[in-house]
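The next block holds one structure in the form of structure tokens; read it before the comments.
Nothing in this text is a laboratory measurement; each read-out follows from the coordinates by a stated rule. Everything quoted here is computed from the prediction, not taken from an experiment. Heads up, the Cβs are rebuilt from the backbone with ideal geometry, glycines too, and the neighbour counts pull from every protein chain shown.
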Number of protein chains: 2
Amino acid sequence: MTPQGRTEAETYRRGIANGEIPALSRAITLAESTLPEHRELAREIITWCLPHSGKSVRVGITGIPGVGKSSLIESLGLYLARERGKKIAVLAIDPTSSETGGSVLGDKIRMQELSRHKNVYIRPSPSSGSLGGVAKKTSDAVILCEAAGFDTILIETVGVGQSEITCHSMVDFFMLLMITGAGDDIQGIKRGIIERADAVVITKADGENRKNAELMRQEMEEALRFQRPPESGWIPRVHACSSVTGYGISEVWQCVAEYEKLCGENGYFAEKRRRQAKYRLHETLAQNLEDSFYGNKFVKKTIGKVEKEVVEGRTDPYTGAANLLDLYLEKLRLPSQT
Amino acid sequence: MTPQGRTEAETYRRGIANGEIPALSRAITLAESTLPEHRELAREIITWCLPHSGKSVRVGITGIPGVGKSSLIESLGLYLARERGKKIAVLAIDPTSSETGGSVLGDKIRMQELSRHKNVYIRPSPSSGSLGGVAKKTSDAVILCEAAGFDTILIETVGVGQSEITCHSMVDFFMLLMITGAGDDIQGIKRGIIERADAVVITKADGENRKNAELMRQEMEEALRFQRPPESGWIPRVHACSSVTGYGISEVWQCVAEYEKLCGENGYFAEKRRRQAKYRLHETLAQNLEDSFYGNKFVKKTIGKVEKEVVEGRTDPYTGAANLLDLYLEKLRLPSQT
């Protein structure tokens, strides 16, 4: 924390407090960086932002590729910005971006109109990064956006691996998009996503497809009846909508607003955020422990050998793990013995 | 390792080498124990067993409650014991047993005939235990059973939480049981289990249901076509069978045998086991690290306070985690400073 560092952090703080997008963008980039000096600066900024954050509604939006996530976000975002006066930040959890070249929000072309609105900030997902850090990076971005005055955070995630679970662990409201004709199997039902949804939204309910979408909506409503007992007091809803005609879009948001109201009143909204914070504490601890362990120079020097022994069956995994942990703890105790 | 301890371990080793069930059962109980002296003894026994293990085929069997897992294991087991001269050990991964009172293999009543066969060993799941330890306990039991001469390990798991993933990470062949009329959704498709299956088995293909079961088999075959590209070279199969009439039971095993042959020849069988060992090494490391951290007396004294600060929003989860890790590492370095 040099005096220069302080000045720099102060500049960021002021920019963010004023809702300046360039300052916000650069702060998110710092938080995504792997450079220690960037992370240190990011920590300082985020610590300051923390008391100014938390006042938005955070909505997770998931569904298989082709379901129309970007289109829904565009039409929902425009509705919220134009007719409800909301300030919207669109973020993405995309653990695959390093592999696929970033399909989620990789370019803003798919949300052109939305991205031009003055009350909207669209943050493309980082072009690379480890899955482990995705939760932290996105959480940091949420805090920064909230401190910059955004009251509605839409987090898009593609249904790959753990990304929905990660998303679910950081949003207030979790929305699963589905389309007709794609087989329920490969949509949210897979990996238990549907059980976590606060709303299922059948997209592309327009033209000839509208009738099928409505049928699907009814079927899903039937199916959802057998889901988890709602601890939140909220019964998951099913909506059909069209990003082309705008049909059902305001109802989708009405549903989020009703959730916010109900769970605000019964205390579940705050309770869920408290749980998420606690979850994030322990998740971060596990990650930090592993970072410390795998970053230890003695572990680095030895782990390849142990892996080889285990893979070749000369050591069992439990003995190998116990020996490596002993080495790590021993070296921490006696750091001078090289 | 007292001389007495050695003698005790030696007794276990001899018993296991002779295929004596009481010695095997007690050794598994030791491995499941939370007492340090039991675990130490178990480690000694398992280390000895390791070179004598690994020669079985390990089959995971999953499906929703009511799908007929026990019945299939009974009729498959009897077929294997009687007609193929196999020695069969039946284990269970049941993370819910502590909550529900142990529904999976909780009593042997459901496999009465099988349990009486001299070449069959059925191990009820432990009546309690943490989810974290489930993988280790079951892996230990597999090693012990193999060292005792069992050549076929059937691992039953109920579709709850992470149990299928845990099961998948330790078996050679993963079988998903399904029934007609239960909705594909809530069966294996949920949580992506179907993507991991080497075979889908439609149970209860008897009487009036046989036709429906065959129809479902065809549908599933269609659906499976679009699954993962088979790195193993093995195309997942779909079978229909009946534990009542015996219809299809030998075909189910034929399928496992063909998998074993194909993947034995192309090297995938051995490769998968190597990967599983490496996976278990890192999984165990993560678990041991957390045990060491959360077991640290200084962490224990402080963590409640930090959790409270995080939950109340006075500290962010990342700062809280960083502070706790610093405390842990500092105390390891300077253990005398209390």
Entries in A:Lys278/B:Lys308; A:Lys300/B:Lys272; A:Lys278/B:Lys305; A:Lys278/B:Lys301; A:Lys305/B:Lys55 that, when Cα-Cα distance is taken, lie over 20 Å: A:Lys300/B:Lys272; A:Lys305/B:Lys55
At 7 angstrom along the Cα-to-beta-carbon line, where would the label on A:Glu195 sit relative to the other copies? Give the distances in nm, shortest first. 1.7
About the Cα centre, and with charges only on the beta carbon of Lys, Arg (+1) and Asp, Glu (-1), how big is the dipole of the stretch A:281-333? Nearest 20 debye, please. 340 debye
With charges set only on the Cβ (+1 for Lys and Arg, -1 for Asp and Glu), what does the dipole of the stretch B:219-338 come to about its Cα centre, in debye to the nearest 20? 680 debye
With θ set to phi - 60°, apply the Karplus curve 6.51 cos²θ - 1.76 cosθ + 1.60 along the stretch A:56-65 and write out the HN-Hα couplings as whole Hz, x wherever there is a Gly or Pro. 9, 9, 10, 10, x, 10, 10, x, 5, x
For a quick size check, give me the Cα extents of the stretch B:1-52 along its three principal axes, largest first, whole Å. 26, 23, 20
Can you list residues whose amide H is under 5 Å from A:Met178's amide H, if they're 5+ apart or on another chain and H is modeled 1.01 Å from N? A:Val201, A:Ile202, A:Thr203
Express in whole angstrom the spacing between the alpha-carbon centres of the stretch A:18-87 and the stretch B:265-338. 29 Å
Can you compute the modelled spin-label distance between A:Leu329 and A:Arg14, with each label point 7 Å from Cα toward Cβ, in nm? 5.1 nm
Using 1/(1 + (r/R0)^6) with R0 = 41 angstrom and r between the beta carbons of A:Tyr279 and B:Lys118, what's the FRET efficiency to the nearest 0.05? 0.25
Simple spin-label estimate for A:Ile235 and A:Ile165 in nanometres, 7 Å along Cα-Cβ: 3.0 nm
What are the residues whose amide H is under 5 Å from the amide H of B:Asn119, where those residues sit 5 or more places off or on another chain and H is modelled from the backbone? none
Residues of type aspartates and glutamates that B:Lys204 reaches as a straight line, Cα spacing below 13 Å, ignoring anything fewer than 8 places off in the same chain: B:Glu214
Amide H of A:Ile61 versus every other amide H placed in the peptide plane: which residues, excluding those fewer than 5 positions away on the same chain, fall under 5 Å? A:Ile155, A:Glu156, A:Thr157, A:Met175
Go from 0 up to the bin containing the longest alpha carbon distance in the stretch A:281-333, width 5 Å each, and give me the % of pairs per bin. 4, 20, 26, 22, 17, 8, 2, 0
Could you go through the stretch A:169-174 in sequence order and give the Karplus-derived ³J(HN,Hα) for each residue, using 6.51 cos²θ - 1.76 cosθ + 1.60 with θ = phi - 60°, rounded to whole Hz, and x for Gly and Pro? 6, 10, 10, 7, 9, 10
Starting with the fewest neighbours, write out A:Tyr12, B:Tyr294 ranked by other beta-carbon atoms found within 10 Å of each beta-carbon. B:Tyr294, A:Tyr12
For the stretch A:247-252, in order, what is each residue's ³J(HN,Hα) by Karplus, 6.51 cos²θ - 1.76 cosθ + 1.60 with θ = phi - 60°, in whole Hz (x at glycine and Pro)? 4, x, 5, 5, 5, 4
In what sequence do B:Lys300, B:Lys118, A:Lys136 fall when counting other Cβ within 10 Å, fewest first? B:Lys118, B:Lys300, A:Lys136
